[in-house]
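Taking it in order: structure first as C-alpha cells, then the write-up.
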Amino acid sequence: MLNIGDTIHLELVEKTDITKNQETESAPKKYRCKLIDKEEGSFIVNPPVNEETGKTGFFMEGVQLNAWFIGTDQAVYALSTEVKGRASDKIRSLRLQDPGSNQYARIQRRNYVRIDASIDVAVYPEKKEFSPFVTSTIDISGGGMAILLPLNYGVKEKDKITTWIVLQGMEGVIHYAKVSCEVIRIIEGRSGAKDRCSLKFESITDNDRQKIIKYCFEQQLHMGRNNKSRNR
C-alpha cells in the first residue's frame, strides 16, 4: 500500500504547539516527507519540509498530525498519526506512529477525486486551430477537468490542446501545472449560459498530477471541515 520512497503529506492538527522554533499561528502548517523505512507500528520518514518555505521542520515528540498519501492502488489514504521521536540523529529522520491499515480512510481513486472548482486556465491549440484564451474550470480531478468556453471559441471534439492551470493551495502558495488534453465532449449552454467542454488529461508529469491531486484533496478536507462547523 505504501512503499519506501513514497511521499507522505502532513498537516499539523489545529492548536498544537508544534516545533522547536515554534512557528506562529499564521505560518503554513503543511509539510511533506518521504518514507525511508518501516517498522512494526511506525513509519520512518526523512525530515519533513514546509511546503511553502522549503525549510525543514523540527517536530517535538507527541505532536499530532493528519497525514495522507497515494497508495499503490492509486487511491488516496488519510490517517491520524503522532511523532514518536527521532529515528536517527545523523539525518534527523522521524518516527511516526502507524495506526495500522485498518485505521486508514480510503478517500477515492485519485483520477476520480473530482471537485467543483473555479480555477484560472490558459488554453492553447496544438497547432493553430483557434486563438489562445483564458477561462476557468467548472470542476477538476487528477484525470481531467471541465472548462467554460468563450464566444467563438473554435474548439472541437477530439482536438488536442495545451493548458496551464493555476492552483492556489490552502497555504496561499500558487502552483502552475502544464497539461496536454484531449477535448472529449462539448456541451451547449442553456438559457444564455456559456458552452463548456470536458477535457481528458493525456500528457502530464507526475509532479503536476500530484499538484492537482493535492489541490483536490485539500479542498475536500476544507469543505468537510466547513460542513462540520455548520452542523455544530
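The values are calculated or read from the model by the stated rules, or taken from the named source; none is laboratory data. For clarity, every value in this text was computed on a predicted model and none was experimentally measured. Because the Cβ atoms are built from the backbone with ideal geometry, glycine has one as well, and the counts that use them run over all protein chains shown.
Could you please tell me which pairs satisfy a Cβ distance under 6 Å, a separation of 6+ or placement on different chains, a first residue in region 94-106 that is farther than 14 Å from V76 by Cβ and in the same structural domain as F59 (by the TED database), and a second residue that is of a type outside the set (F, W, Y) and not in a strand (DSSP E or B)?
Filtered contacts from region 94-106: D98/G41.
Taking the condition of being more than 21 Å from V173 (Cα to Cα) and either modelled with pLDDT of 90 or more or of a type in the set (V, I, T) (or both), how many residues in region 66-84 meet it?
Qualifying residue count, region 66-84: 9.
For region 40-49, does any single residue satisfy the condition of being modelled with pLDDT under 90, within 28 Å of R209 (Cα to Cα) and either assigned by the TED database to the domain that holds R209 or β-branched (V, I, T) (or both)? Walk me through how you get there before you give the answer.
Of the residues in region 40-49, the ones modelled with pLDDT under 90 are none.
No, there is no match, as no residue in region 40-49 is modelled with pLDDT under 90, within 28 Å of R209 (Cα to Cα) and either assigned by the TED database to the domain that holds R209 or β-branched (V, I, T) (or both).
Give the residues of region 150-164 that are loosely packed, with under 15 Cβ neighbours inside 10 Å and over 22 Å from R114 (Cα atoms), sorted by residue number.
Selection gives L151, N152, G154, K156.
Of everything in region 13-39 that's under 20 Å from the mean Cα position of the chain (by Cα) and either assigned to a loop (DSSP other than H, G, I, E, B) or modelled with pLDDT under 85 (or both), which residue is surrounded by the fewest Cβ atoms within 10 Å (Cβ to Cβ)? If you could, list the steps in order and put the result at the bottom.
So the first thing to find is which residues in region 13-39 are under 20 Å from the mean Cα position of the chain (by Cα), and the list is 13-14, 27-35.
Restricting the remaining residues to those that are either assigned to a loop (DSSP other than H, G, I, E, B) or modelled with pLDDT under 85 (or both) gives 13-14, 27-30.
Values: V13: 14, E14: 10, A27: 14, P28: 17, K29: 22, K30: 20.
Selected residue: E14.
I'm trying to understand the selection: among the residues of region 130-149, which are closer than 16 Å to I186 by Cα, surrounded by fewer than 16 Cβ atoms within 10 Å (Cβ to Cβ) and out of contact with any Leu (no Cβ under 8 Å at 6 or more places or on another chain)?
Selection gives nothing.
Y77 is checked against (1) assigned by the TED database to the domain that holds G57; (2) closer than 16 Å to L199 by Cα; (3) among the aromatic types (F, W, Y) and fails just one. What number does that condition carry?
(2)
Going by the structure shown, is G71 crowded, with 17+ Cβ neighbours inside 10 Å, in contact with a strand residue (DSSP E or B) (Cβ under 9 Å, 6 or more places away or on another chain), of a type outside the set (D, E, K, R) and closer than 30 Å to G143 by Cα?
So G71 passes the test.
Return the only residue of I186, I119 being more than 18 Å from I212 (Cβ to Cβ) and not assigned by the TED database to the domain that holds I36.
Exactly one residue qualifies, and that residue is I186.
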